[in-house]
Amino acid sequence: MPNIKDVVEEQEIFNILKKTQNPSREQVVKILNKAQEKKGLNLEEVGYLVNIKNPPLIEKMFKAAGEIKKEIYGERLVLFAPLYVSSFCVNDCEYCSFHRKNPAPRKKLSLEEVKEQVKILEDMGHKRLLLECGEHPVENTIDYVVEVIKTIYETKSNKGEIRRVNVNLAATTVENYRKLKAAGIGTYQLFQETYHRTTYEKLHNGPKADYERQLFAHDRAFEAGIDDVGLGVLFGLYNWKFEVLALISHAQYLDRKFNVGPHTFSVPRFQPAETVKIKLHHAVSEDELLKIIAILRLAVPYTGMIISTRERPEIRAKAFKIGISQTSAASCASPNGYSNDHSRDEELSQFSLQDHRNVNQFLISILKQDILPSFCTACYRSGRTGKTFMELAKPGDIHNFCRPNALLTFAEYLEDYAIPQTKKLGDQIIQKYLKQILSSDIKEETKKRLEKIRKGERDIYF
């Protein structure tokens with residue numbers, strides 16, 4: 001097993017945070033100028049950024065992050081929805097409503113119930129799901145998960161279909177990761193929750209309490225052939241400045257070892273739930289969350305960044321401009337949550353949500369921000385994953401594929417699911433960004449494919 005210090009060296013991080021606690025304006029400007037080369041930052045440079053207190057410098061940092069996000073990911077925002085299939089769990093994690101001691105009834109979806117949930121999501125227009133469930137060796141076996149994935153891909157509703165399933169499952173074995181790979185997953189997500197080992201071990205009881213099992217799960221996933229992985233921290237469990245440096249250190253480790261950095265960072269912030277009684281000593285404010293997003297975008301510019309409906313619409317709108325490239329919409333955080341009788345069942349939810357807008361309401365909001373919604377899954381199905389994706393993302397060339405594919409998938413949504421207001425705003429956005437495709441050949445081909453979509457063809461991509 002690799003050495004923990006290869007991934008995250010706690011004392012080094014504390015030393016950096018102490019050394020960088022009073023950044024000068026000149027230091028910050030120099031770092032921001034380097035960041036705009038889109039080659040990333042080292043941990044000491046990140047240390048200076050997390051310690052910025054001057055509001056004008058923070059705004060300057062937000063502006064630089066927004067420019068980098070636009071240069072690499074453009075105006076696009078990829079949409080997905082989480083699908084919880086089981087709340088059975090053998091772990092007692094103090095921040096999670098699925099903890100073992102929770103007396104609330106447990107729910108595990110049958111394959112027929114999975115079909116029902118998937119059809120509801122397809123009828124919303126979703127094309128990409130994030131599969132989630134608790135850790136349980138009997139109820140949530142890898143074979144059950146594989147059958148769920150197979151069922152998701154096979155389930156169709158009218159014109160709807162799920163084209164890619166990403167998974168957020170407990171750390172497991174190389175053999176089980178191979179089964180997930182064979183099932184056709186997209187990205188494998190697993191969050192360290194907190195990189196501070198003492199805090200990690202204090203907050204966990206059960207198999208997940210093994211810090212090293214969690215930390216090296218992505219190594220095992222790579223060994224199994226999964227080449228797109230997602231990292232994340234549950235912000236609020238420990239000092240966010242430490243967590244940011246540790247998260248970036250983990251990303252750099254993966255890049256060094258596998259020549260493939262994380263496909264995504266997720267930035268969930270602790271939210272309460274019915275039976276979660278944890279008292280936070282490191283609560284993260286909304287303003288601090290925005291700083292985290294901007295710093296991650298500057299430090300690891302090629303990585304997709306995800307924000308969920310844990311956050312209020314107003315904060316999400318700001319986050320989209322400074323770094324976020326993927327987001328959930330119209331989410332539920334409990335098994336069977338998309339059925340009407342469970343849509344607001346707080347007792348069964350893993351955590352509380354702050355954004356309850358439906359997909360059309362959400363789309364209208366981001367269209368007014370001049371954001372192009374994307375339901376694209378083309379990279380996964382065209383082999384643009386792992387090293388291939390990194391070779392396109394790091395210099396910003398992924399933009400050449402993503403804008404046309406975003407236009408095509410959004411055009412599908414407008415034809416099949418949009419209400420009149422969304423359709424009107426959406427058509428304007430499509431015309432705006434169609435004009436911005438740099439290659440005249442690709443622009444003309446995109447126009448032809450948009451016309452095919454209007455005539456009923458589906459799933460056309462570059």
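The values are calculated or read from the model by the stated rules, or taken from the named source; none is laboratory data. What you see is a predicted model, and the numbers here were worked out from it, not measured in a lab. Note: ideal-geometry Cβ built from the backbone for every residue, glycine included; neighbour counts use all protein chains shown.
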Near pairs, Cβ below 7 angstrom, 6+ apart or cross-chain, from the stretch 413-428 (more than 24 Å from Ser157 (Cα to Cα)) to any residue that is exposed (fewer than 15 other Cβ atoms within 10 Å of the Cβ) and not charged (D, E, K, R) | none
Matching residues in the stretch 417-448 - criterion: being surrounded by 15 or more Cβ atoms within 10 Å (Cβ to Cβ) and in contact with a strand residue (DSSP E or B) (Cβ under 9 Å, 6 or more places away or on another chain) = Tyr417, Gly426, Ile429, Ile430, Tyr433
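Take the conditions within 21 Å of Gln350 (Cβ to Cβ) and touching a strand residue (DSSP E or B) at 6+ places or on another chain (Cβ under 6 Å) and apply them to Thr275. Does it pass?
Values: within 21 Å of Gln350 (Cβ to Cβ): yes; touching a strand residue (DSSP E or B) at 6+ places or on another chain (Cβ under 6 Å): no.
Here the answer is no, as Thr275 does not meet what is asked.
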Counting only residues that are outside any loop (DSSP other than H, G, I, E, B) and either basic (Lys, Arg) or exposed (fewer than 13 other Cβ atoms within 10 Å of the Cβ) (or both), the stretch 7-23 contains a total of 3
For the stretch 164-181, state whether one or more residues are β-branched (Val, Ile, Thr) and within 22 Å of Gly304 (Cβ to Cβ).
-> yes
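Rundown of residues vs (1) surrounded by 22 or more Cβ atoms within 10 Å (Cβ to Cβ); (2) not in a strand (DSSP E or B), yes/no style:
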residue	(1), (2)
Tyr144	no, yes
Val148	yes, yes
Asn176	no, yes
Lys179	no, yes
Gly186	yes, no
Take the stretch 239-277 and flag every residue that is within 16 Å of Thr198 (Cα to Cα) and in contact with a Phe, Trp or Tyr (Cβ under 8 Å, 6 or more places away or on another chain).
-> Phe242, Glu243, Ala246
Restricting the first residue to the stretch 112-123 and requiring it to be under 15 Å from Ile149 (Cβ atoms), which pairs with a second residue that is of a type in the set (Phe, Trp, Tyr) meet a Cβ separation below 8 Å and a spacing of at least six or different chains?
-> Gln117/Tyr338; Leu121/Tyr338
Among the residues of the stretch 392-443, write down those that are of a type in the set (Asp, Glu) and either under 30 Å from Asn259 (Cα atoms) or at pLDDT below 95 (or both).
-> Asp397, Asp441
Would you pick out the residues in the stretch 32-41 that are surrounded by 14 or more Cβ atoms within 10 Å (Cβ to Cβ) and either without any contact (Cβ under 8 Å) to a residue 40 or more places away in the chain or of a type outside the set (A, V, I, L, M) (or both)?
-> Lys34, Gln36, Lys38, Gly40
